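The values are calculated or read from the model by the stated rules, or taken from the named source; none is laboratory data. All of these numbers come straight from a predicted model, not from anything done at the bench. As a convention, Cβ positions derive from the backbone with ideal geometry for all residues, glycine included, and neighbour counts pool all protein chains shown. Calculation scope for accessible area: heavy atoms of the full protein, side chains included, ligands and nucleic acids excluded. Shrake-Rupley method; radii C 1.70, N 1.55, O 1.52, S 1.80 Å.
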Amino acid sequence: MQPSLEKLRKFFRLEHENKYQNTAIIGGLAKMLDYWEGEARADGITEEVIQAVVSRLRSYEKISPDGRAESLKGLWKRIGETYPEAGQKPKQAQQPQQQKPPAQETKSESRQESAPRPAQQQQKPRQNPPPRSEAVVGAKHSQTPAALGAALTVLQGVGPRNAEALEKLGLQTLGDMLYYFPRRYEDYSQLKPIQSLMYNDVVTVLGTVQSVHTRPIRGGKSSMIEVIIGDGTGSLRISYFNQPWLSNRFKEGEAISVSGKIDQYLGRLVMNSPDWEPVEVENLHTNRIVPIYSLTERITQKWLRNQMNSVITYWAPAVVDALPETIRRAAQLVSLGEALTQVHFPDSQARLQLARERLGFDEIFYLQMGVLRQKRDWKSVDGRRFSVSDEWLGARLGALPFTLTSAQLTSFDDIRKDLDSGKPMNRLVQGDVGSGKTVVAALGASIVVSGGAQAAIMAPTSILAEQHYRNFINLLAGDGGMMQQSEIRLLVGNTTESEKEAIRQGLQEGSIKIVIGTHAVIEPDVLFKDLQFVVIDEQHRFGVEQRAELRSKGTNPHLLVMTATPIPRSLALTVFGDLDISVIDVMPEGRQPVTTFVLRPQERERAYTLIRGQIKNGNQAFIVYPLIDESEKIDARAAVDDFETLSKQVFPDLTLGLLHGRMKPGEKDEVMLKFRDKEFDILVSTTVIEVGVDVPNSTVMLIEGADRFGLAQLHQLRGRVGRGSVQSTCLLIPTHEDATENERLQAMAVTNSGFELADLDLKLRGPGEFLGTRQAGYATTLKMASITDVKLIEKAREQAQALFERDPDLSQPEHALLAEAFERFWGAGKGDVS
Ligand code: ADP
Ligand code: MG
């Protein structure tokens, strides 16, 4: 054994003999670190082991003798993992506790004498007493699912009061507990010493608070708390912006763990606003991955963890695995019992990963089964047939002010076939901003109208609804058009009451054929004579319920949803698995691609010069900011603050409009319309202009704080320009010069294709950004599966598809358990998915 380890062993033994009074070394065990670290490095001891020793000995004096015994014991085990020859514990330290460990543990420890086993197996959660209710215990062996429905009061230590508190966390039954996954973990087996941290690491760091400072910034308008923590290898600065109350929560000398991303500031590594918590001293010594649960009042982490421990230890292995063995094997998944155990009390990162994969698989699998079933159910009802002749269609297309692109034609052809299929259409048209989705929807509507029925189009904002309205009038009621202008109407929030009344009446009698509007269209008093075609534009802005509501205003109407969000196909099939998909992946001809530049903040003047030039040519510009005002976050240039400077100092001779999220909807519309009508040269705005607004005359999009936007948002914003035939420019200025190399910004400069960017974003950080929460819809109810895990999704989708083909209703006897689990999954409030 290496001399430095031998030395440790000697002192640990001495310390045991001294009854853990921290007297083995004068001045305390931590004193030996002064020289031991150097010796250990000289012995070639691994950095992890050194850090484990350092962190434990450093906190050693602060803990009770019992805790110390456990700490040294745990530490020695940890060393044994890397250095089996040291794996044998110092004889006396082996059973330092007064209490006799349970028989099981003794056994595993004696086995360990000969062959050291990985720490994980020795660190099994301690067995708590089993639940006290006899009925439940009896049920365990026969019918686990029923037993899992037992109320939490069957647990020792959970009375009505605690049960009530747990209910606030959504926990009512034992089964709920099994599926109440940790919010995160503290991995005390893999702590990273401060000196080996790297820029961009996402890590947990353990350290002692060395100093806490609060300093005013921005002339006292805001404040910054800086906490320095140290772990013996170095120190790390963590900072919190505008959270002054935190300052007295950090205590010098206290051990805390912080989790977050390592950032860089003036060349030093820092963490900005990391999650943090005081370290529970006993965890420090367990050497394992500790679950951290979300809490509520009256429930402590420690208490909940103990309860979880007893539930998991006792119940998880007994859970019946509904997934057929064949599927489990084909998809290479661990059993449900193993997964539930490991997700709460992981023995290692690897087993945790397998557990997450299994649980994530289940979610996607059940989701996909449901989506497939829904699709089948929708197809099982009849849809009215609408068909038109080629001549009729030729006349329509001939009346359009432009020729459709090949992609528009293909998508429209899909729609035309759906309308004549005898089944209700459920189609998603996906196409980049400006690809021309509106005209495709309008043509669809025209077929239905020619068949004597009605159509409704719902858009997320009144500006957009109005834009569609004008487009529909142009496309369908212009020269050579098939409709009267009065048959197409606009219904938005601020439509006058008398006009609303007229529209309601017209829709009910059938004299109005197409209504275009906002949420106003789904109000209960809007009734249709014969609604057969429903279009939802920018569908991610709507909830599932709103779509269902509009649909319910007709009898099995044909549904068309449109999105500018380019989603890679594998994801679309899951997230929109119940819809058929058409893609418009070609831009109309004559469109000049937008040229994109990334500028350094110092080069801002160049951007202004370019804007002046464009405005001189009669064009307009957008300047977009990430946030409304400066108090919200550090360093983001803010629209409201900069608006003054821009209009008074930078562009005193031009007219500027201001648009931001705190304005009332009416005010926003007014500003937007004024901009469209060229009353402003420049629109200074937050991201509220994001959605599909068409101002072809604007040719410059300047985005400040560009590094703070996701790729999807940047791309959407850029789509606001380049809608006319004049060459447009998009200028990206990041907050800090460092960020000019930002991969996302560079990608923007390289490609104009939303699909390429979506793929890239997926690679860089998962599709969350492109999907957005609402668009992801029911996918947001996934607790474990991340929609970022394309491989897992593929796997689960394939298995679900295959099973669905064999046994769509899960009616075969070998699928009985699965059918039950499926009902449970979908029973939990996941109704109409689209
Ligand atoms: P989006 O797909 O973003 O909803 P729109 O339907 O608003 O796009 O179309 C953007 C602009 O392109 C509109 O001004 C529309 O009139 C025009 N447009 C659509 N299709 C074509 C085409 N095939 N050729 C030329 N211009 C087109
Ligand atoms: Mg659109």
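General remarks:
- Residue in segment 783-802 that is at pLDDT below 65 and not β-branched (Val, Ile, Thr) present: yes
- The set of residues in segment 655-686 that are under 17 Å from residue 624 (Cβ atoms) and among the aliphatic types (A, V, I, L, M) comprises 656, 658, 659, 663, 671, 672, 682, 683, 684.
- Evaluation of residue 513 against the conditions (1) charged (D, E, K, R); (2) away from ligand 1 (no atom under 16 Å from the Cβ); (3) modelled with pLDDT under 95; (4) buried (at least 24 other Cβ atoms within 10 Å of the Cβ) shows that the sole unmet condition is (3).
- Positions within segment 374-419 being more than 16 Å from ligand 1 (Cβ to nearest atom), among the hydroxyl-bearing types (Ser, Thr, Tyr) and out of contact with any Asp or Glu (no Cβ under 9 Å at 6 or more places or on another chain), in sequence order: 380, 389
- Top-ranked residue of segment 425-473 - restricted to ones that are among the β-branched types (Val, Ile, Thr) and near ligand 1 (Cβ under 9 Å from one of its atoms), ranked as nearest to residue 755 (Cα to Cα): 433
- Exclusive hit being in contact (Cβ under 8 Å) with a residue 60 or more places away in the chain, open to solvent by 10 Å² or more (accessible area, probe 1.4 Å), of a type in the set (A, V, I, L, M, F, W, C) and within 16 Å of ligand 2 (Cβ to nearest atom), set 429, 433: 433
- Matching residues in segment 328-349 - criterion: being touching a Lys or Arg at 6+ places or on another chain (Cβ under 6 Å) and within 16 Å of residue 188 (Cα to Cα): 342
A quick yes/no check of all residues on (1) more than 24 Å from residue 313 (Cβ to Cβ); (2) at pLDDT below 90:
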{"residue": "158", "(1), (2)": "no, yes"}
{"residue": "183", "(1), (2)": "no, yes"}
{"residue": "211", "(1), (2)": "yes, no"}
{"residue": "218", "(1), (2)": "yes, yes"}
{"residue": "224", "(1), (2)": "yes, yes"}
{"residue": "229", "(1), (2)": "yes, no"}
{"residue": "245", "(1), (2)": "yes, yes"}
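- Out of 49, 53, sole residue that is farther than 30 Å from residue 152 by Cα, in contact with a helix residue (DSSP H, G or I) (Cβ under 6 Å, 6 or more places away or on another chain) and at pLDDT 75 or above: 49
- Residues of segment 367-405 that turn out to be among the small types (Gly, Ala, Ser) and within 42 Å of the chain's Cα centre (by Cα), as a count: 3
- Tally of residues being touching a residue at least 12 places away in the same chain (Cβ under 8 Å) and over 16 Å from residue 263 (Cα atoms) across segment 204-216: 9
- Count of segment 399-454 residues which are more than 26 Å from residue 565 (Cα to Cα) and among the aromatic types (Phe, Trp, Tyr): 0
- Output for segment 304-317, where each listed residue is in contact (Cβ under 8 Å) with a residue 60 or more places away in the chain and open to solvent by 20 Å² or more (accessible area, probe 1.4 Å): 306, 313, 314
- Qualifying positions in segment 450-467 - away from ligand 2 (no atom under 14 Å from the Cβ) and out of contact with any strand residue (DSSP E or B) (no Cβ under 6 Å at 6 or more places or on another chain): 450, 451, 452, 462
- Residue count, segment 456-472 (criterion: more than 34 Å from the chain's Cα centre (by Cα) and either crowded, with 19+ Cβ neighbours inside 10 Å or under 25 Å from residue 664 (Cβ atoms) (or both)): 3
- Looking at 363, 325, 297, 357, just one residue is surrounded by fewer than 15 Cβ atoms within 10 Å (Cβ to Cβ), in contact (Cβ under 8 Å) with a residue 60 or more places away in the chain and not hydrophobic (A, V, I, L, M, F, W, C), and that residue is 297.
- Residue count for segment 638-667 under the criterion of being touching a residue at least 40 places away in the same chain (Cβ under 8 Å) and small (Gly, Ala, Ser): the result is 2.
- Residues within segment 436-449 that are within 24 Å of residue 529 (Cβ to Cβ) and within 13 Å of ligand 2 (Cβ to nearest atom), tallied: 2
- Pairing each residue of segment 473-500 that is free of Cβ contacts under 8 Å to residues at least 24 places away in the same chain with any residue that is part of a helix (DSSP H, G or I) and small (Gly, Ala, Ser), provided the two are 6+ apart or on different chains, yields C-beta distances under 6 Å for 485/477.
- When segment 56-94 is filtered for residues that are aliphatic (A, V, I, L, M), modelled with pLDDT under 80 and assigned to a helix (DSSP H, G or I), the ones remaining, listed by number, are 86, 93.
- Residue match in segment 187-194 (condition: out of contact with any strand residue (DSSP E or B) (no Cβ under 6 Å at 6 or more places or on another chain) and among the basic types (Lys, Arg)): no
- Condition check for residue 490: under 24 Å from residue 549 (Cβ atoms) and open to solvent by 30 Å² or more (accessible area, probe 1.4 Å): yes
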